[in-house]
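Q: Got a structure here, written out as structure tokens. Questions coming.
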Amino acid sequence: MSKAINIITSTIVPLHNENVDTDQIIPARFLKATSRDGFGKNLFRDWRYENDDETKPKKDFVLNNPIYSGKILVAGKNFGCGSSREHAAWAIKDAGFDVVVSSFFADIFKNNALNNFLLPVVVSDEFLQKIFAAVEKDSAAQLEINLKEQSIKLLAGGEQEIFEINHYKKTCLLNGYDDIDYLLSIKDKIEAFEISMNS
Amino acid sequence: MMDTTKHSNYNSTPSGAGGHSLFEKIWDKHIVQTIEDGPSVLYIDKHLIHEVTSPQAFTGLNKRGIKVFRPKQIVATADHNVPTLNQHLPIKEALSRLQVEALIKNCAEHGIELYGLGHPYQGIVHVIGPELGITQPGLTVVCGDSHTSTHGAFGAIAFGIGTSEVEMVMTTQCLLQSKPKLMRINVDGELNKGVVSKDIILYIISLISASGATGYAVEFAGSTIRNLSMEARMTICNMSIEMGARCGLIAPDETTFNYIKGRKFAPQADEWNKKLTEWKTLFSDADAIFDKEIFIDAAAIEPMITYGTNPGMGIGVSKHIPSLNEIDAKEKNSFEKSLHYMGLQAGEHIKGKKIDYVFIGSCTNSRIEDLRMVASFVKGKKKANDVEVWIVPGSKQVEAQAKQEGLDKILEAAGFMLRQPGCSACLGMNEDKIPAGKYCISTSNRNFEGRQGPNARTFLASPLSAAVAAITGKVSDVREFLN
Ligand code: SF4
């Protein structure tokens with residue numbers, strides 16, 4: 001099963017776009033699989049390749065630029081809007097990311113990410129711009145994300161910010177639990193609730 | 001718990017005591033328990049599933065070696081990935097076929113009712129729920145599809161979920177949810193000629209942006225909304241997700257009750273009367289508190305069209321695309337990128353833009369009233385020569401009804417092609433894709449890059465605006481064609 005998260009230190013892949021929707025993250029034509037694996041190779045497919053041709057990577061797209069790599073994807077506001085497809089979170093995780101940083105996430109995407117131990121970190125607009133500026137200056141700039149402390153820090157300059165996360169979710173991520181385990185553990189409560197509802 | 005920054009005393013619903021909103025009345029009744037400093041355990045009444053977002057959830061159950069907890073509360077259909085021609089033949093594309101076969105097998109193994117291809121109830125999941133009477137006031141409804149918000153038109157809490165959550169509902173009939181903030185959008189007054197419910201919602205999204213309601217449950221109220229038919233209300237709630245809302249909802253009233261009565265799964269006899277009494281309590285009390293409230297004058301709305309690559313980028317059809325100096329500096333980049341994708345210029349007029357395809361379909365606008373609206377406009381007219389028109393009914397029942405009313409003949413005489421039910425070019429997952437670079441005026445809900453096919457360009461509009469464009473071959477103002 002998925003593993004617990006606490007401190008993640010990594011270089012950054014900056015994606016300057018706002019309103020990145022899940023159709024961009026993983027286009028619908030790649031949703032035909034019946035398993036959760038292998039979506040990473042189609043992450044941002046239509047931004048990555050010319051005419052859907054893997055031999056023709058688009059040079060100006062950040063995932064094709066060898067100077068950027070790492071486990072942290074940083075993107076403009078309203079990341080993950082659109083479709084509820086969890087395949088979007090699977091694709092990002094499968095492509096090697098553990099964290100997505102943005103100034104704003106769409107609701108369903110945020111839940112889907114958390115359910116897959118992909119940490120969505122919400123930062124202020126100013127801090128987001130600071131991160132973008134830092135990687136622009138030095139593509140090897142690193143971020144340190146400390147879930148326990150709820151902090152995100154630019155290692156070079158030392159600037160940092162505290163981010164919000166629901167206490168329950170934080171506990172789940174730190175311990176590697178998921179919601180299903182929790183819900184299964186209260187099944188008799190649910191059954192009692194059903195009886196009271198119908199009476 | 002709730003952040004009540006803005007309190008308005010606006011009263012658009014029958015008065016009542018207690019200060020609860022419609023949303024809270026339903027929410028509170030479905031809380032199994034609340035985790036301290038965390039989310040609530042929300043009980044789910046109805047769960048709709050389809051072939052694309054369910055297979056991995058079934059795999060999860062099978063891995064745990066457990067069966068679906070309440071199979072009778074689940075209804076399945078095949079819609080996202082099915083062909084819209086020759087549905088009686090085996091699906092040609094191997095992966096799509098496998099996905100549909102997996103659904104058949106999973107439903108059989110877990111005792112879930114499936115309205116698959118060929119079944120008289122098959123159709124887009126958000127079209128069949130209401131038309132079968134499965135969707136009812138006061139329920140919690142979920143589906144692994146973001147447009148589940150559609151069902152909120154009946155006064156239900158209905159929202160889209162991811163596959164892990166599909167698995168949670170399958171195993172326990174519950175979800176862990178944080179209570180959203182509440183917003184009410186009031187639309188009052190008479191609609192202008194040529195303006196329909198799709199224009200109302202495109203107008204609202206253009207005002208508050210594609211993320212303007214993120215974190216909120218949105219109740220739509222006001223005289224304009226009250227005067228809409230059930231199907232028109234569904235179009236509004238359907239697109240509430242396009243402004244980021246967790247769900248959209250409308251208080252049930254006589255229109256709602258009349259719509260549900262007599263449908264396949266509607267309550268019968270004594271049960272009906274009991275339910276009706278309960279449903280009549282479902283409205284926001286006069287002193288209910290909303291975190292945010294918006295007022296809209298219906299008279300200000302004209303037929304709408306989108307020019308960009310998110311549903312918030314919409315304008316009245318007589319207007320020009322914003323020029324660069326009207327755009328916020330921070331947004332310039334995305335704006336220019338979007339126009340570049342669309343092959344449009346900042347500041348230019350949208351009316352008169354040539355189109356190549358017309359798609360009338362999707363869970364937003366593929367119901368019988370939509371098809372009637374289109375047929376009555378195009379009756380006796382012919383489509384423009386170089387335009388291809390696809391009409392995809394939302395369900396087998398809509399298709400049968402259209403044929404019974406002779407709409408198919410009218411549409412075919414105009415040169416339109418009536419296909420078979422499914423999601424089709426709304427998401428371009430099956431073979432119904434708009435070719436690269438081509439323009440499509442579409443009654444669906446998303447104009448994202450590549451949504452209708454790689455590099456396809458989408459203008460979102462109402463069925464009426466789509467119909468007029470089919471005839472003229474251009475983006476046109478329907479008001480100039482109505483007497
Ligand atoms: S018609 Fe489009 S929006 Fe509606 S359920 Fe199908 S894919 Fe989703």
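Q: Once both labels are modelled 7 Å past Cα along the beta-carbon direction, what's the B:Ala108-A:Glu144 spacing in nm?
A: So the two model labels end up 5.7 nm from each other.
Q: When the C-alpha atoms of the stretch B:40-177 are aligned to their principal axes, what extent does each axis show, in angstrom, from largest down?
A: 44, 36, 22
Q: Report the accessible area of B:Phe154, computed with a 1.4 Å probe over the heavy atoms of all protein chains in place, in Å² rounded to the nearest 10.
A: 0
Q: If you don't mind, there's one more thing I want to ask. The protein assembly as shown: percent of C-alpha pairs farther apart than 34 Å?
A: Counting every Cα pair in the protein assembly as shown, those more than 34 Å apart make up 42 percent.
Q: Still on this structure: What ranking of A:Glu144, B:Glu405 comes out by heavy-atom accessible area, probe 1.4 Å, highest first?
A: Descending order: B:Glu405, A:Glu144.
Q: For every other residue with a beta carbon closer than 13 angstrom to the beta carbon of A:Ala95, add +1 if it is Lys or Arg and -1 if Asp or Glu, then tell me the sum.
A: +2
Q: Tell me, what is the FRET efficiency for B:Glu254 and B:Ser323 to the nearest 0.05, using R0 = 30 angstrom and their Cβ-Cβ distance as r?
A: 0.05
Q: Quick one: which residues, 5 or more positions from B:Val389 or on another chain, have an amide H under 5 Å from its amide H? H modelled 1.01 Å from N in the peptide plane, none for Pro or chain starts.
A: B:Val358, B:Met417
Q: Run the paramagnetic zone check for B:His349: 7 angstrom along Cα to Cβ, then residues of the stretch B:289-315 with backbone nitrogen under 12 Å.
A: none
Q: Same structure, new question: Using the Cα centre of chain B as origin and beta-carbon charges of +1 (Lys, Arg) and -1 (Asp, Glu), tell me which of B:Thr77, B:Ser476, B:Val100 is placed farthest towards the positive end of the dipole.
A: Towards the positive end, the residue furthest out is B:Val100.
Q: Just the number, please: percent antiparallel of the DSSP beta bridges in chain A, rounded to the nearest 5.
A: Once the DSSP bridges in chain A are tallied, antiparallel ones form about 50 percent.
Q: Quick one: net charge around B:Ala57, please, counting Lys, Arg +1 and Asp, Glu -1 for every other residue with C-beta under 12 Å from its C-beta.
A: Result for the neighbourhood of B:Ala57: -1.
Q: Further question on the same structure: Looking only at the protein assembly as shown, where both bridge partners belong to it, what percent of the DSSP beta bridges are antiparallel (to the nearest 5)?
A: Taking every DSSP beta bridge within the protein assembly as shown, about 30 percent pair in antiparallel fashion.
Q: Determine, from the Cβ-Cβ distance of A:Ile7 and B:Asp270 and an R0 of 56 Å, the FRET efficiency 1/(1 + (r/R0)^6), rounded to the nearest 0.05.
A: According to the calculation, E is roughly 0.35.
Q: Based on Cβ point charges of +1 for Lys and Arg and -1 for Asp and Glu, what charge dipole magnitude is obtained for the stretch A:80-199 about its Cα centre, in debye rounded to the nearest 20?
A: About 40 debye.
Q: So what's the gap between the Cα centers of the stretch B:112-132 and the stretch B:322-396, to the nearest angstrom?
A: Centre-to-centre (Cα) distance: 28 Å.
Q: A further question on this structure: According to a simple spin-label model (label point 7 Å from Cα along Cα-to-Cβ), what is the distance in nm between B:Gln33 and A:His167?
A: Rounded to a tenth, the inter-label distance reads 1.6 nm.
Q: Can you list the residues of the stretch B:412-444 with backbone N under 20 Å from a point 7 Å past the Cα of B:Asn385, pointing along Cα to Cβ?
A: B:413-417, B:439
Q: Also: Can you tell me how the stretch A:3-96 classifies by the Cα gyration tensor, rounded, prolate or oblate, using a/c under 1.5 as the rounded cut?
A: Here the stretch A:3-96 falls in the rounded category.
Q: While we're on this one: What chymotrypsin sites (Phe, Trp or Tyr not before Pro) in the stretch A:17-82 are in a loop by DSSP, with at most 11 other Cβ atoms within 10 Å of the Cβ?
A: Within the stretch A:17-82, no chymotrypsin sites (Phe, Trp or Tyr not before Pro) qualify (loop, at most 11 other Cβ atoms within 10 Å).
Q: On a straight-distance basis, which lysines could pair with B:Lys353 in a cross-link, Cα separation under 18 angstrom, same-chain partners fewer than 8 positions away excluded?
A: Here the lysines satisfying the reach criterion relative to B:Lys353 are B:Lys319, B:Lys383, B:Lys438, B:Lys474.
Q: About its Cα centre, what dipole magnitude does the protein assembly as shown give when the only charges are +1 on Lys and Arg Cβ and -1 on Asp and Glu Cβ, stated in debye to the nearest 20?
A: 1300
Q: Post the alpha-carbon centroid distance, the stretch B:233-259 to the stretch B:87-111, in whole angstrom.
A: Their Cα centres are 31 Å away from one another.
Q: Heads up, I need the accessible area for B:Ser223: 1.4 angstrom probe, whole protein in place, Å², nearest 10.
A: Per-residue accessible area (B:Ser223): approximately 50 Å².
Q: Where does the protein assembly as shown land at 222 nm, in deg cm²/dmol rounded to the nearest 500, when only DSSP H runs of n ≥ 4 count, each adding -39500 (n - 2.57), divided by all residues?
A: -8500 deg cm²/dmol
Q: Let me ask you something else. Straight distance only, please: which lysines reach the Cα of B:Lys25 with their own Cα at less than 17 Å, same-chain residues fewer than 8 apart left out?
A: B:Lys179, B:Lys181, B:Lys275, B:Lys280
Q: Given the whole protein assembly as supplied and a 1.4 Å probe, what does the accessible area of B:Asp28 come to in Å², nearest 10?
A: Its heavy atoms expose roughly 80 Å² to the probe.
Q: For the stretch B:19-157, what proportion of DSSP beta bridges, expressed in % and rounded to the nearest 5, is antiparallel?
A: 20
Q: Of B:His340, B:His50, which has the most accessible area and how do the rest follow, probe 1.4 Å?
A: Sorted descending by solvent-accessible area, the residues read B:His340, B:His50.
Q: Partner chain Cβ atoms within 10 Å, averaged over the residues of A:175-186 - can you pull that number for me?
A: 5
Q: Pop out the ³J(HN,Hα) list for the stretch B:169-181 in order, Karplus 6.51 cos²θ - 1.76 cosθ + 1.60 with θ = phi - 60°, rounded to Hz; leave Gly and Pro as x.
A: Values per residue, Gly and Pro as x: 5, 5, 7, 9, 6, 9, 9, 8, 9, 8, 6, x, 6 Hz.
Q: Please get the size of the charge dipole for the stretch B:40-177, origin at its Cα centre, with Cβ charges of +1 on Lys and Arg and -1 on Asp and Glu, quoted in debye to the nearest 20.
A: Computed about the Cα centre, the dipole is about 320 debye.
Q: At a Förster distance of 22 Å, what's the computed FRET efficiency of A:Glu50 paired with B:Lys337, Cβ-Cβ distance as r, to 0.05?
A: 0.85
Q: Whole Å is fine, so just give me how far the alpha carbon centre of the stretch A:40-98 lies from that of the stretch B:143-182.
A: 27
Q: Net charge within 13 Å of B:Ala414 by Cβ-Cβ distance, Lys/Arg positive one each and Asp/Glu negative one each, not counting B:Ala414 itself?
A: Here the count lands on +2.
The values are calculated or read from the model by the stated rules, or taken from the named source; none is laboratory data. None of the values given here were measured: they were computed from a predicted structure. Methodologically, a virtual Cβ is constructed for each residue, glycine included, from the backbone with ideal geometry; neighbour enumeration extends over all protein chains shown. The area values use the complete protein model at the heavy-atom level, side chains included, leaving out ligands, DNA and RNA. Shrake-Rupley method; radii C 1.70, N 1.55, O 1.52, S 1.80 Å.
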